[in-house]
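Every number here is computed from the coordinates shown, using simple stated rules; none is lab data. Fair warning: this is a prediction, and the values are worked out from it, not measured in the lab. Don't worry about glycine lacking a Cβ; one is built from the backbone with ideal geometry, like all the others, and counts go over all protein chains shown.
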Amino acid sequence: MGGVSGYAAIHSRIRVMYSTLLTPEDGASLRDAADLQTLVTLLKDTPYGPYLTGVEDKDLTAKWAIHQVKHRLADVYLTIIHSVPAYTRSLVIQLFRHFEIDNLKAILRGIVTNSPWEQVRDILFPMGSLSVLPAQQMLETGNIQAAIALLSSTPYYDTLTHALKRYSEEQSLFPLEVALDLSYWQKLWAKVNQLPGRDRAEAMRIVGPLVDITNLMWAIRYRVYYHLSEEEIINYTLPFGYRLRDEDIRTIAAGGDLVRVLDRLYPGLSDTETLLEEPERGLPKLELQIQRRLRQQLKEVFTSYPFQIGLPLAFALLIELEVQDLTVLIEAKSAQMPVERFTPYLLMSTNADDRVSA
């Protein structure tokens, strides 16, 4: 059931979990930590603490710390999945599966590069009981076609099988990875549209901007980095969106005015023309600006009508963005990077006047 009765229990739980998001004060302390060991010590006083125990200081690595904070993200998702009303569960599971898509890509790349299982295992996202990938078996086949054959009972088999012809012709994983991405977002979009009434509208309010950001950055990267043809860009992007229109994708694909598209979608972005002049450095910064807007939109969901699927979806994505920040911090502290070099890549506020409120 939906409405107040269906969401009462998870509403209370999400409100409590929301209050545990890292504060601007936390962000400032983590940003200013002297090194990786100090950063991890500070994180032990946060909800990430239970995931960061059991390792000696001499054995502490950035890879281990990143993997551990991702365990908390996985646990948050699993909690939400088991708590939402049954008719919304498949949507949340599908949202969560983008981590499994990343795992699948990592396994396929590991096969191509002949990487050992221990190396690949350490970079896989901890999907827990929801994983459907026979990951080690796939890797140990040493063959892309044989690995895909092991997926016959999973949601990925048909998609990858249809893309195998192009893989065989080009000997590139690109067709397989694009097929996985497109299939993932198409299924997510369909599940949003299958929801009734208010839940559909609120889920679209969350998933819609996420689809737009993804599709927009695909189109720009295909044009700027890979110099794909107009037809290829259109074929490798999604034919739907929230505010991003088909004509926007076609404008980008045809070499049209990127700044005009960005200004319509995200009025007030800083230095878009300058950032696009040096896309290798500029596009990541542009994407971060858009992600900061998304983060603010997700926080605003908590001021709206509470008994709907938007709250758990928004919280899951807020935790994802928090873990993205923690990944930047962990890698920066491990590399002893100066604060001024990595701070521009953080989404979180380190301003004490910008406190999170439930």
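So between residue 105 and residue 263, what do we pick up on full extension, going 0.36 nm a residue minus the alpha carbon distance?
Numbers: separation 158, 0.36 × 158 = 56.88 nm, distance 3.32 nm.
Contour length minus Cα-Cα distance gives 53.6 nm.
Per the Kirkwood definition applied to all pairs of different Cα atoms, how many angstroms is the hydrodynamic radius of segment 218-263? Walk me through the numbers on the way to the answer.
On the way: mean 1/r = 0.0961 Å⁻¹.
Taking every pair of different Cα atoms in segment 218-263, averaging 1/r and inverting gives 10.4 Å.
Could you list the residues of segment 76-112 with an amide nitrogen less than 14 Å from a label point located 7 Å from the Cα of residue 16 in the Cα-to-C-beta direction?
So the set is 79-80, 83.
Please state the relative contact order of the chain as a whole percent: Cα pairs under 8 Å, 6+ residues apart? Display every interim value, and only then the final one.
Details: 372 pairs, mean separation 97.2, N = 358.
Reported as a whole number, the value is 27 percent.
State the three equivalent ellipsoid semi-axes of segment 234-291, derived from the C-alpha gyration tensor as the square roots of 5 times its eigenvalues, in descending order and whole Å. Let's see the in-between values first.
On the way: eigenvalues 76, 33, 24 Å².
Semi-axes (√(5λ), whole Å): 19, 13, 11.
Neighbour counts of other C-beta atoms within 10 Å: give me 217, 348 arranged from fewest to most.
Details: 217 15, 348 25.
So the ranking, lowest neighbour count to highest, is 217, 348.
Rounded to the nearest 500, what is the 222 nm mean residue ellipticity of the chain from helices alone, with -39500 (n - 2.57) per DSSP H run of 4+ residues and division by all residues?
-21000 deg cm²/dmol
Would you be so kind as to identify which of 22, 142, 131 lies farthest towards the positive end of the dipole of the chain, taking Lys and Arg as +1 and Asp and Glu as -1 on Cβ and the Cα centre as origin?
Of the candidates, 131 comes out farthest on the positive side.
By the gyration tensor of its Cα atoms, with a ≥ b ≥ c the square roots of the eigenvalues, what is the shape of segment 101-153: rounded for a/c under 1.5, prolate for a/b over b/c, or oblate?
On the way: a/c = 1.89, a/b = 1.10, b/c = 1.72.
The shape class here is oblate.
For a quick size check, give me the Cα extents of segment 197-306 along its three principal axes, largest first, whole Å.
Each principal axis gives a Cα extent; for segment 197-306 these are 45, 28, 18 Å.
What FRET efficiency would be calculated for the residue pair residue 271, residue 243, taking the C-beta separation as r and a Förster radius of 30 Å, to the nearest 0.05?
Details: r = 22 Å, r/R0 = 0.72.
The formula returns an efficiency of 0.90 here.
Note the listed values (1) 20.7, 65; (2) 27.2, 82; (3) 20.8, 56, then indicate which one is Rg and Dmax of the Cα atoms in Å calculated from this particular structure.
Here the calculated entry is (3).
Hey, what do the phi angles of segment 88-100 turn into as Karplus ³J(HN,Hα) couplings, whole Hz, using 6.51/-1.76/1.60 and θ = phi - 60°, x for Gly and Pro?
Along segment 88-100, the couplings run 9, 5, 5, 5, 5, 4, 5, 4, 5, 5, 5, 5, 6 Hz.
Using a cut-off of 13 Å between beta-carbons, work out the net charge of the residues near residue 82 (Lys and Arg +1, Asp and Glu -1, residue 82 not included).
Numbers: positive: 13, 89; negative: 75.
Its environment carries a net charge of +1.
Provide 192, 178 in ascending order of the number of other Cβ atoms located within 10 Å of each residue's Cβ, fewest first. Intermediate results must be reported in sequence, preceding the final value.
Numbers: 192 25, 178 18.
Fewest-to-most ranking of 192, 178: 178, 192.
Using 0.36 nm per residue, how much length does the chain from residue 32 to residue 161 gain when fully extended, once their Cα-Cα distance is taken away? Don't skip to the answer; put the middle values down first.
Numbers: separation 129, 0.36 × 129 = 46.44 nm, distance 4.86 nm.
Gain on stretching residue 32 to residue 161: 41.6 nm.
Over segment 44-105, with a single point scatterer placed on each C-alpha, what log10 of the ratio I(q)/I(0) does the Debye formula yield at q = 0.26 1/Å?
-1.06
Could you compute the FRET efficiency for residue 217 and residue 190, with r as their C-beta to C-beta distance and R0 at 22 Å, rounded to 0.05? Let's see the in-between values first.
Details: r = 22 Å, r/R0 = 0.99.
Result of the calculation: an efficiency of 0.50.
Using amide H atoms built in the peptide plane, which far-off residues or other-chain residues are under 5 Å from residue 52 H to H?
For residue 52, no residues qualify.
If each residue's Cβ is checked for other Cβ atoms within 10 Å, how do 337, 17, 138 rank with the fewest at the top? Mind showing how you got there, number by number?
Details: 337 14, 17 20, 138 24.
Ranking 337, 17, 138 by Cβ neighbours within 10 Å, fewest first, gives 337, 17, 138.
Classify segment 249-358: rounded, prolate or oblate, from the alpha-carbon gyration tensor (a ≥ b ≥ c, eigenvalue square roots; a/c under 1.5 rounded; otherwise prolate if a/b is larger than b/c)? Provide the component values of the computation, followed by the final result.
Numbers: a/c = 2.18, a/b = 1.15, b/c = 1.88.
Oblate is the answer for segment 249-358, as a/c is 1.5 or above yet b/c matches or exceeds a/b.
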